[in-house]
Amino acid sequence: MGVNHNSSDVVIIGGGVIGLSLAYHLAREGTSVTVLERGQIGQEASTAGAGILAPQAEMEEMNPLTELCLASKALYRNFVEELVAKCGIDIEFSQTGLLYVAFSQTEKEELEKRYRWQRQRGLLV
């Protein structure tokens with residue numbers, strides 16, 4: 001076997017939604033990128049999440065991580081539209097919500113508290 005003398009500016013480990021998104025944006029800006037995936041592209045953690053992107057699902061309060069998640073969520077629809085326009089593949093993106101069910105009074109109170117603070121900040125979907 002020969003030695004591969006190619007090089008990349010960036011190597012991304014993981015060919016799931018996040019790794020491929022990073023590779024796409026870096027390549028779009030002219031950066032050479034190599035994506036390493038131990039299995040099949042898009043079939044590891046990305047399939048376990050079933051495509052659910054729910055940054056608010058477990059948010060308990062506003063903090064820097066919460067703000068980053070919300071900013072990322074706000075950008076996602078445009079990203080999807082750009083990808084569909086470029087490749088012509090409908091990824092069946094929909095923005096709906098999640099259903100949480102409380103199985104105890106304690107869980108009910110926790111969900112109500114989360115709902116109240118998110119609603120106060122206009123974070124319904």
Going through (1) within 27 Å of residue 115 (Cα to Cα); (2) assigned to a helix (DSSP H, G or I) one by one, residue 58 fails only at (2)
Among the residues of region 28-44, is any modelled with pLDDT under 90 and either β-branched (Val, Ile, Thr) or within 27 Å of residue 123 (Cβ to Cβ) (or both)? yes
Could you tell me which numbered condition residue 38 fails, if it satisfies all but one of (1) surrounded by fewer than 11 Cβ atoms within 10 Å (Cβ to Cβ); (2) assigned to a helix (DSSP H, G or I)? (2)
Can you find even one residue in region 14-23 that is touching a Ser or Thr at 6+ places or on another chain (Cβ under 7 Å), part of a helix (DSSP H, G or I) and at pLDDT below 85? yes
For residues that are in contact with a Ser or Thr (Cβ under 8 Å, 6 or more places away or on another chain) and either acidic (Asp, Glu) or farther than 20 Å from residue 17 by Cα (or both), tally how many sit in region 55-113. 1
Of 96, 47, which residue is at pLDDT below 80, among the hydroxyl-bearing types (Ser, Thr, Tyr) and either touching a strand residue (DSSP E or B) at 6+ places or on another chain (Cβ under 8 Å) or closer than 24 Å to residue 14 by Cβ (or both)? 47
Pull up region 73-125, narrow it to residues that are outside any helix (DSSP H, G or I) and of a type in the set (Gly, Ala, Ser), then point me to the one that is farthest from residue 57 (Cα to Cα). 88
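The values are calculated or read from the model by the stated rules, or taken from the named source; none is laboratory data. This structure is a prediction, so every number in the text was calculated from the model and none was measured. Cβ: placed from backbone, ideal geometry, glycine included. Neighbour counts: every protein chain shown.
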